[in-house]
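The values are calculated or read from the model by the stated rules, or taken from the named source; none is laboratory data. Quantities reported herein were computed from a predicted structural model and do not represent experimental measurements. No Cβ is skipped: glycine too gets one built from the backbone with ideal geometry, and neighbour counts run over all protein chains shown.
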């Protein structure tokens, strides 16, 4: 009997994919959760042809620009990478054979014909990254990723499944991503800055992207991250942060605080964060980023006396009512604008006060602004 069972299994393997699976029910339909070896992922799932019109595809066209980042994530973190399940539809006559004759029969063997059509509803970029990562590290093929299979004869439900799976997905805020990213050295630095730089202490929103009108917070964690990244001139999350850089950044933001009177008033509890946001440009993320960019150039040019050069910041009237300076730079129609052009124009204003030359791109932005006025 054992030999017969073994012979039958070999026959099944000749024409089918065999998965140990858990059977479940959603919306009255069966689905199966399996652990699939990485090496099988590229063979199991093929993409819809990109030239097909959108109404005939089951998923969006692959965004190839996303793949290198995912590949790097796998290769650089072989002991820590983590992927959520791939969700796929099966168009074919599958068979589920329970391992034991229990009341629920939830665990068993899922038999999928090799002729069946399998379409990814969620996870096509993971699949592409796995395929490329296997070329660099074939040992990854022994590892597994969970796959959730839904039965879908004719693939009639695939497009709706894709829509449903993505409609309710909520991307975490930038601040929350920074807060939870323990691999990014800059993220760890920014969290420390939130504790040691006086104007930041207890005034940084760690989770949300925006700050409510009544909030006691002055900046978001993302604001501090962008400003500090610009200050250090970092281009990638892989860039290391030295102890010397950590000390420099803390000194810089502390020194800047001395020359923005309203920040001093805030720390003396004579004004609120909401009052500063309502009345001053320096209480918005665009100012931190511009201060970071200008600071990077200032420190590079004056490595030994950049602190004394910062005193020139006292000349700036940061009031939002100072429309002659800020309208068209940090503001459009009286509202703070965070576009890259506005960041550049705000940086230009700071660099001019600090006696720093503008780059060709910054000069071009100035000409365009003046022409617009």
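Some observations on this one:
- Exclusive hit being in the same structural domain as residue 205 (by TED's automatic domain parsing) and at pLDDT below 95, set 292, 279, 328, 355: 328
- Considering the conditions (1) touching a residue at least 12 places away in the same chain (Cβ under 8 Å); (2) farther than 23 Å from residue 199 by Cβ; (3) surrounded by 15 or more Cβ atoms within 10 Å (Cβ to Cβ), residue 287 is excluded by exactly one of them, (2).
- Tallying residues that are out of contact with any strand residue (DSSP E or B) (no Cβ under 7 Å at 6 or more places or on another chain) and over 17 Å from residue 18 (Cβ atoms) within the stretch 101-119 yields 4.
Okay, residues lined up against (1) without any contact (Cβ under 8 Å) to a residue 40 or more places away in the chain; (2) part of a loop (DSSP other than H, G, I, E, B):
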| position | (1), (2) |
| --- | --- |
| 68 | yes, no |
| 73 | no, no |
| 81 | yes, yes |
| 100 | yes, yes |
| 105 | no, yes |
| 112 | no, no |
| 118 | no, no |
| 121 | no, no |
| 126 | no, no |
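- Test for residue 176: is it modelled with pLDDT of 95 or more and crowded, with 16+ Cβ neighbours inside 10 Å: no
- From the list 354, 276, 313, 358, the lone residue that is more than 28 Å from the chain's Cα centre (by Cα), crowded, with 16+ Cβ neighbours inside 10 Å and under 21 Å from residue 211 (Cα atoms) is 276.
- Taken over the stretch 245-273, residues that are surrounded by fewer than 16 Cβ atoms within 10 Å (Cβ to Cβ) and touching a residue at least 60 places away in the same chain (Cβ under 8 Å) amount to 1.
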